[in-house]
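*Asks:* Handing you a structure now.
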Amino acid sequence: MLYHLREAQRAVLQPLSSWADSVSQLYTNPYSPLAYTPFANRVSAGLELLHRLGKEYEKPTFEIDETVIDGQPVSVVERIEIARPFCRLLKFERLLPSQLRRRSSDPTVLMFAPLSGHHATLLRDTVRALLPHHNVFVTDWIDARMVPVSEGPFHLDDYVGYAIDFIRHLGPQVHLVSVCQPTVPVLAAVSLLAQIRDPHQPLSMTMMGGPIDTRRNPTEVNALAQRRNYTWFERNVIYRVPGRYPGVGRQVYPGFLQHAGFVAMNPDRHLNSHWDYYLDLVRGDMEDAEAHRRFYDEYNAVLDLPAEYYLDTIRTVFQQHALPLGKWDVRFEGKTLRVDPSAIRTVALFTIEGELDDISGSGQTQAAHDLCTRIPREWQRHLTAEGAGHYGIFSGRRWREKIYPEVRTFIAEHEQRGKASAGR
């Protein structure tokens, strides 16, 4: 019922938002007499704010059509490498000119985007930084409301299966980067590949701000999962997709509920941000106003999660702590295997945390080192980014200037190791 009420609210707000946008422009267009009335800039700013508060935010695009390699601009084309019902593996193909063809052998990076509310475009800055020195692939998760029920359910085990398939597709000379939530299923995928001695094990895995062991410095996000039992989540946050979408009837954790949760974590910050946006419009500070638009175009665009996957994650990761306790069994190729990170021997590990991360607390990602006991110590590295929050470890100035150089060096070191091993 809640999803249907949300759709009714959307139907009411959409015309109002469109009206506010149109009228707002009448108060700023130099050919309109309304632009010369008293307080026109304030009226326009108020209507623009109303428009943005009521509009529907669609999935953004990556907007990456160029990079710079060795000082030369290089076109980038976004291609679908693999299409699955719940995910597309995207390749950011660099169209290298003849004088840069040697760079086609740059390290291959498979980046696992979070399936936790926002679209993969949240990693736009991460991808942009990686492209000059790497061949980049990214998991682009599909909004569950757009997936027909006939495609079946999607569990946490299925995420692990997708990860294994993508790793195998790109071959053993690949480096994994997982951001936030996927650190858990990606570590499971690499563990299973190691356990069966699969030849397609990656060269390295970089894990950023993920809930490997949420018992360490639990955040408010972790505390909520502990305060409520599994049944509460099942009864209170799971709804069926209404009739206007291809996934009608599918059970999901709706994106609008996730968005409400994001905002509720820092309501004052969002209120102040919107007030500042209004003042920027009144003052005519279009640069700051545009920065606000870019941020909230991304922040407000959310997707529905498959109910099975969400509930599995709540129970396995946040309530049972099955991975760090060595009690996680995964369905894999027709049988059930227990995830054992100590089986990993040939994959380098780099963990990254933000000092001020309020989603994955300090030590939660670093816990991976305690589980991967057979990875040589010289192949392990950890970085705590001072002053960085959750988003700051993969986006923004700290990511570009402090964190990415460390990631690039780490990948380059183990790319050379991989080539040396392959040449023997």
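The values are calculated or read from the model by the stated rules, or taken from the named source; none is laboratory data. It should be emphasised that the depicted structure is a prediction, and the values quoted were computed from it without experimental measurement. FYI the Cβ positions are ideal-geometry reconstructions off the backbone, even for glycines, and counts take in every protein chain you see.
*Asks:* Mind checking which residues of the range 311-356 are farther than 28 Å from Glu378 by Cβ, more than 20 Å from the chain's Cα centre (by Cα) and assigned to a helix (DSSP H, G or I)?
*Replies:* Result: Arg315, Gln319.
*Asks:* Among the residues in the range 171-179, are any closer than 12 Å to Ile344 by Cβ, surrounded by fewer than 21 Cβ atoms within 10 Å (Cβ to Cβ) and not aliphatic (A, V, I, L, M)?
*Replies:* No - not one qualifying residue is present in the range 171-179.
*Asks:* Within the range 356-376, work out how many residues are more than 16 Å from Asn222 (Cα to Cα) and modelled with pLDDT under 95.
*Replies:* Summing the residues that are more than 16 Å from Asn222 (Cα to Cα) and modelled with pLDDT under 95 in the range 356-376 gives 0.
*Asks:* What pairs come out if I take residues in the range 10-36 that are on the phi < 0 side of the Ramachandran plot and pair them with residues that are aromatic (Phe, Trp, Tyr) whose C-beta lies under 7 Å away, six or more apart or interchain?
*Replies:* Note: pairs meeting the criteria are Leu34/Tyr27; Ala35/Tyr27.
*Asks:* Answer yes if at least one residue in the range 173-183 is more than 16 Å from the chain's Cα centre (by Cα), in a helix (DSSP H, G or I), of a type in the set (Ser, Thr, Tyr) and modelled with pLDDT of 95 or more, and no otherwise.
*Replies:* No, the range 173-183 has no match at all.
*Asks:* Just for the range 156-170: of the residues that are of a type outside the set (Val, Ile, Thr) and touching a Pro at 6+ places or on another chain (Cβ under 8 Å), which one is surrounded by the most Cβ atoms within 10 Å (Cβ to Cβ)?
*Replies:* Tyr159
*Asks:* Can you list residue pairs whose Cβ atoms sit under 6 Å apart, with the first residue in the range 302-323 being on the phi > 0 side of the Ramachandran plot and the second being of a type in the set (D, E, K, R)? Count only pairs 6 or more apart in sequence or on different chains.
*Replies:* His321/Arg215
*Asks:* Just the residues that are within 21 Å of Tyr159 (Cα to Cα) and of a type in the set (Asp, Glu), please, taken from the range 333-356.
*Replies:* Glu333, Asp340
*Asks:* Given the criteria under 21 Å from Asn135 (Cα atoms) and modelled with pLDDT of 95 or more, does Pro405 qualify?
*Replies:* yes
*Asks:* Taking the conditions exactly as written (assigned by TED's automatic domain parsing to the domain that holds Met207, within 30 Å of Glu151 (Cβ to Cβ) and crowded, with 17+ Cβ neighbours inside 10 Å), does Leu122 satisfy them or not?
*Replies:* Considered against the rule, which asks whether it is assigned by TED's automatic domain parsing to the domain that holds Met207, within 30 Å of Glu151 (Cβ to Cβ) and crowded, with 17+ Cβ neighbours inside 10 Å, Leu122 comes out as yes.
*Asks:* A follow-up question, please. For the subset of the range 77-105 comprising residues that are within 23 Å of Glu63 (Cβ to Cβ) and of a type in the set (Lys, Arg), which member is surrounded by the fewest Cβ atoms within 10 Å (Cβ to Cβ)?
*Replies:* Out of the qualifying residues, it is Arg79.
*Asks:* Within the range 27-42, can you find the residues that are surrounded by fewer than 18 Cβ atoms within 10 Å (Cβ to Cβ) and of a type outside the set (Phe, Trp, Tyr)?
*Replies:* Of everything in the range 27-42, those that are surrounded by fewer than 18 Cβ atoms within 10 Å (Cβ to Cβ) and of a type outside the set (Phe, Trp, Tyr) turn out to be Asn29, Pro30, Ser32, Pro33, Leu34, Ala35, Thr37, Pro38, Ala40, Asn41, Arg42.
*Asks:* Follow-up. Is it the case that Leu131 is within 23 Å of Lys419 (Cβ to Cβ), among the aliphatic types (A, V, I, L, M) and modelled with pLDDT of 95 or more?
*Replies:* Yes: the conditions hold for Leu131.
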